[in-house]
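The values are calculated or read from the model by the stated rules, or taken from the named source; none is laboratory data. Values in this document were obtained by computation on a predicted structure and should not be read as measured data. With ideal geometry, Cβ positions are generated from the backbone for all residues, glycine too; neighbour counts draw on all protein chains shown. Quick note on the areas: whole protein, heavy atoms, side chains included, nothing else; ligands and nucleic acids left out. Shrake-Rupley method; radii C 1.70, N 1.55, O 1.52, S 1.80 Å.
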Amino acid sequence: MSSKKKSLTIGVLGFQGDIEENVSATKQALQELQIDGNVQLVRYPEDVEKVDGLILPGGESTVQSTLAAIQRSLPVIKKRISEGMPVMGTCAGMIMLSKRAYDRVVGDTKQKLIGNLDIVIERNAFGRQSESFEADLSIGMLGKEAFKGVFIRAPAVSEVGKDVEVIAKLNNKVVAVRQKNIIGTAFHPELSGDSRMHRQFVKMAVDFSRKSA
Amino acid sequence: MTISLVATEPKPKGVKIDMVENAQMVRGTTLLKRGFAHMQKHGVVMDVTNVEQAVIAEEAGAVAVMVLDKLPYDVRKAGGVARTASIKVIQEIMDAVTIPIMAKCRIGHTDEAHVLEVVGVDMVDESEVLTPADEERHIWKWDFTTPFVNGARNLGEALRRIEEGCAMIRTKGEPGTGNVAEAVAHIRLVNSEVRKIRSIYQDSDKQELMKAARELKVSYAMVEETARLGRLPVVNFAAGGITTPADAALLMNLGCDGVFVGSGIFKSEDPAQRARAVVLATTFYDDAKIVMEAQKMVDEKKSLLGMDTKNLELRMQERGQHA
């Protein structure tokens, strides 16, 4: 690698939700992989252009898509994903990436979504907070050891498009998917203390930055 | 771990383990309760008393709504005993919006809290805005599967509430006054108390840390963890008296993780617009240009007039302070 090459930059969408938790999980992943890189908050359209990969954190998806100041960044994110930039959405982040979302109780919502991920989301699919749960998941792409899924008012994937690979299921509900450069999880890998999912994502960002260099 | 699990009871009653088909699903853990609060970060929780207000709040970008019978300003005016909201109203709101629903119960009123848990609210607020049911003891929150938020005016109160099992702290202001001064005073106090134990921790002075634990009336482990983190071990929102977008930005810049707005929105004359403006200022609190945009969205002539907090007959913030 030439000394001029810029180091890897992973962005975390910084509007609302568990932003800092994703920053620290990504830093841990970089450290464990011994990759020289930095993690930045992304809040303005011009920030989106500067990152080699973007994480959309958990939180409340209605909020993350509501304000005009936020909506200005969404088309740029959409464009960069189409260009191949790796993106990972956890919980609310996966909802933001999906094509369509409806609520289990209230039905279709008026949310503005980014829409690159060819799935339909059922929001609050497992129920309200008292139904939030932890469960071990088997995720082939992360190896044999079970991954602790932390599901908080979690969505589930009710329909998947033909290019979408199901990477985790729980009792016949699809809870994690991958479509080329896009990863979506219904659970919160940033809260499980297990950085394998973030490491997987960092590796995708490394490949992308090499290709685009 | 990205979330501190400090003070978790060894076998809390609120943790439920179910086998569903082939999966073991564990509910009510500290990680799930505090994790829920973490999902609220950088957001605005809005007090509402009916479906119409809840819908306005959701459309404006509230991260959750807090259901209560009367807004704090009206509680103050009405006098009498303030209790948890009507179950019917809470249920109507749960059916109308997709964002989380919180509801208040009285301090120490374990059974109001049980009722709210059965109704299915996402978080219970054991709140000083309502008339306390027990001045000596707060609810033992480890017995619940549903997470709790509690108010606190200083570090000792905050850490004691966390030891009782609460998953989120609200730094108390003086509710219903439209005056942000008390909220500012208390977040500053908590910050300076945290700084003090942090510096003791950095000096590795365990004896002094033990002394601090005794003064704060909490365990050594709790003080050590707070000192190590350099902040409260759970999510901390500001509350009480927030009226304008700039008020919200002020508290975010003091290090709060988000804000609660009570009377400030629905006691103003421009609630829908103001709600959006407060969300905008909370999201972009460190960008003065956007806070200005937000401030421009509201009309000061339509703000809750507010009151001086020095000569109040009822100081809600002092409720439950000795427990």
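Here are the numbers for this structure:
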{"read-out": "Packing-based ranking, highest mean first, of B:287-294, B:204-211 given that Cβ atoms within 10 Å are counted", "value": "B:287-294, B:204-211"}
{"read-out": "Convex hull volume of the protein assembly as shown per residue (C-alpha atoms, cubic angstrom)", "value": "147"}
{"read-out": "Under Karplus coefficients 6.51, -1.76 and 1.60, residue-wise ³J(HN,Hα) of the range B:53-61 in Hz, glycine/proline x", "value": "5, 4, 5, 4, 4, 4, 5, 7, x"}
{"read-out": "Lysine pair number, Cα distance threshold 25 Å (strictly under), the range B:186-268, separation 8 or more or different chains", "value": "4"}
{"read-out": "Label-point separation, residue A:76 to residue A:163 (7 Å along Cα→Cβ), nm", "value": "2.4"}
{"read-out": "FRET E, pair residue B:310, residue A:40, Förster distance 51 Å, beta-carbon r, rounded to 0.05", "value": "0.70"}
{"read-out": "Total accessible area lost when A and B pair, probe 1.4 Å, Å² to nearest 100", "value": "3800"}
{"read-out": "Chain A: relative contact order as a whole-number percent, Cα under 8 Å and 6+ apart", "value": "21"}
{"read-out": "Accessible-area value, residue A:145, 1.4 Å probe, nucleic acids and ligands omitted, Å²", "value": "130"}
{"read-out": "Computed magnitude of the charge dipole of the range A:8-212 (debye, nearest 20; Cβ of K, R +1, Cβ of D, E -1)", "value": "500"}
{"read-out": "Threshold 50 Å² - residues in the range B:34-53 whose accessible area is reduced by that much or more when the chain is no longer isolated, probe 1.4 Å", "value": "B:39, B:41, B:42"}
{"read-out": "Fraction of accessible area attributable to carbon and sulfur, the range B:1-145 (%, probe 1.4 Å)", "value": "50"}
{"read-out": "For chain A, radius of gyration divided by Kirkwood radius, i.e. Rg to Rh on alpha-carbons", "value": "0.94"}
{"read-out": "Those trypsin sites (Lys or Arg not before Pro) in the range A:94-146 that DSSP places in a loop and that have at most 12 other beta carbons within 10 Å", "value": "A:110, A:144"}
{"read-out": "Most positive-pole-ward Cα, A:129, B:4, A:116, against dipole of the protein assembly as shown from beta carbon charges", "value": "A:116"}
{"read-out": "Helix-only mean residue ellipticity at 222 nm for chain A, each DSSP H run of n ≥ 4 adding -39500 (n - 2.57), per residue, nearest 500", "value": "-7500 deg cm²/dmol"}
{"read-out": "Value of D in µm² per second that Stokes-Einstein yields for the range A:1-93, Kirkwood Rh from Cα pairs, at 4 °C (1.567 mPa s)", "value": "95"}
{"read-out": "Residue B:301-residue B:188 FRET efficiency (beta carbon distance; Förster radius 25 Å; 0.05 resolution)", "value": "0.25"}
{"read-out": "For the range B:216-261, projected area of the alpha-carbon convex hull averaged over all directions, nm²", "value": "3.8"}
{"read-out": "Sum of -39500 (n - 2.57) over DSSP H runs of 4+, divided by residues of chain B (222 nm, nearest 500)", "value": "-12500 deg cm²/dmol"}
{"read-out": "Heavy-atom accessible area, 1.4 Å probe, ligands and nucleic acids excluded: residues of the range A:153-168 down by at least 40 Å² from chain alone", "value": "A:153"}
{"read-out": "Alpha-carbon centroids, the range B:178-217 and the range B:62-86: separation in whole Å", "value": "31"}
{"read-out": "Electrostatic dipole magnitude of chain B [Cβ: Lys, Arg +1; Asp, Glu -1; Cα centre; debye, to 20]", "value": "640"}
{"read-out": "DSSP bridge pairs, the protein assembly as shown: antiparallel proportion in percent, nearest 5", "value": "35"}
{"read-out": "Per-peptide average of other Cβ atoms within 10 Å, ordering A:77-88, B:256-267 highest first", "value": "B:256-267, A:77-88"}
{"read-out": "Within the accessible area of the range A:8-212 (1.4 Å probe), percent carbon and sulfur", "value": "46"}
{"read-out": "Rounded Å value of the spacing that divides the Cα centres of the range A:175-213 and the range A:40-112", "value": "15"}
{"read-out": "Rg/Rh for the range B:157-196, where both radii come from Cα atoms and Rh is the Kirkwood radius", "value": "1.03"}
{"read-out": "Interface residues, the range A:66-115 - accessible area loss of 40 Å² or more versus chain alone, probe 1.4 Å", "value": "A:66, A:67, A:69, A:106"}
{"read-out": "Heavy-atom surface of the range A:8-212, accessible at 1.4 Å and reported per residue (Å²)", "value": "36"}
{"read-out": "Pairs from A:148/A:169; A:112/B:70; A:78/A:112 whose Cα-Cα separation, in the structure shown, is over 24 Å", "value": "A:112/B:70"}
{"read-out": "Projected area averaged over orientations for chain B, convex hull of C-alpha atoms, nm²", "value": "17.0"}
{"read-out": "For A:130-141, mean number of other protein chain Cβ atoms within 10 Å", "value": "6"}
